[in-house]
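One structure is given below, encoded as structure tokens.
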Amino acid sequence: MSEQSLPEDTRPQDARAGYEDVPHEPGEALPPYAERVLDVAELIPAGRVMTYGDVAEWLEEGGPRQVGRVMALYGGAVPWWRVVRADGVLLPGHEQRALGHYRAEGTPLKEASRAAEGHLPRIDMRRARWDGGERAEGHTCQLPASHAPPCGP
């Protein structure tokens with residue numbers, strides 16, 4: 001995905017590209033959209049998940065790819081394993097780390113069949129998905145659109 005398809009403020013401020021293993025430099029200002037995405041990721045309770053699309057819908061801005069890009073560039077400082085693909089497949093290349101977090105937090109999983117590649121479980125999205133309710137202090141609304149009434153002033 002090219003950076004041109006991202007909202008202006010999700011583009012990295014430097015030429016560094018990477019994933020959660022590349023730390024964000026302290027003192028470096030995050031793009032405003034990235035800050036909002038990471039704020040939502042921090043609200044997700046242990047043992048629950050939101051999809052990339054859920055986060056974008058909750059923010060009423062961007063889309064799943066933009067949220068995924070933010071998580072890839074800046075997600076290492078937040079519980080990145082709680083923002084997931086809609087099909088529940090574990091993040092490629094980070095499956096074992098994510099699986100350790102899911103098991104420690106009691107995130108509902110569906111065990112893989114013997115035919116599944118790598119025999120890795122998936123997240124049980126029906127049971128693990130969080131709608132943004134029961135939120136952290138200072139936040140009073142749930143996911144907009146199909147999930148709940150939209151946030152308002």
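For the condition open to solvent by 10 Å² or more (accessible area, probe 1.4 Å) and closer than 21 Å to ALA98 by Cβ, GLY68 qualifies.
Return yes when THR140 is modelled with pLDDT of 95 or more and of a type in the set (Ser, Thr, Tyr) and no when it is not.
Details: modelled with pLDDT of 95 or more: no; of a type in the set (Ser, Thr, Tyr): yes.
Here the answer is no, as THR140 does not meet what is asked.
GLY68 - would you say it is at pLDDT 50 or above, on the phi > 0 side of the Ramachandran plot and not hydroxyl-bearing (Ser, Thr, Tyr)? Explain how you work it out, then say what you get.
Values: at pLDDT 50 or above: yes; on the phi > 0 side of the Ramachandran plot: no; not hydroxyl-bearing (Ser, Thr, Tyr): yes.
Here the answer is no, as GLY68 does not meet what is asked.
All told, LEU43 meets the bar of being closer than 22 Å to GLY100 by Cβ, out of contact with any Gly (no Cβ under 6 Å at 6 or more places or on another chain) and touching a residue at least 24 places away in the same chain (Cβ under 8 Å).
More than 14 Å from the chain's Cα centre (by Cα) and either of a type in the set (Asp, Glu) or buried (at least 18 other Cβ atoms within 10 Å of the Cβ) (or both): which single residue out of LEU120, LEU73, LEU109 fits that description? Steps first, answer last, please.
Numbers: LEU120 fails: either of a type in the set (Asp, Glu) or buried (at least 18 other Cβ atoms within 10 Å of the Cβ) (or both); LEU73 fails: more than 14 Å from the chain's Cα centre (by Cα).
Going through LEU120, LEU73, LEU109 in turn, the sole match is LEU109.
Of everything listed in (1) in contact (Cβ under 8 Å) with a residue 60 or more places away in the chain; (2) among the β-branched types (Val, Ile, Thr); (3) in a loop (DSSP other than H, G, I, E, B), the single unmet condition for VAL70 is (3). Note on the range 100-137: residues that are of a type outside the set (Asp, Glu), at pLDDT below 95 and at positive phi amount to 3. Restricting attention to the range 9-55, the residues that are at pLDDT below 50 and assigned to a helix (DSSP H, G or I) add up to 2. Residue-level analysis places HIS94 among those that are open to solvent by less than 70 Å² (accessible area, probe 1.4 Å), touching a residue at least 60 places away in the same chain (Cβ under 8 Å) and of a type outside the set (Ser, Thr, Tyr). Given the conditions (1) closer than 23 Å to ARG103 by Cα; (2) assigned to a loop (DSSP other than H, G, I, E, B), and given that GLU61 satisfies all but one, which numbered condition is not satisfied? For GLU61, the failing item is (1).
The values are calculated or read from the model by the stated rules, or taken from the named source; none is laboratory data. For clarity, every value in this text was computed on a predicted model and none was experimentally measured. Backbone-built Cβ (ideal geometry, glycine too); neighbour counts: all protein chains shown. Remember, those area values only see protein heavy atoms, side chains included, never the ligands or the DNA or RNA. Shrake-Rupley method; radii C 1.70, N 1.55, O 1.52, S 1.80 Å.
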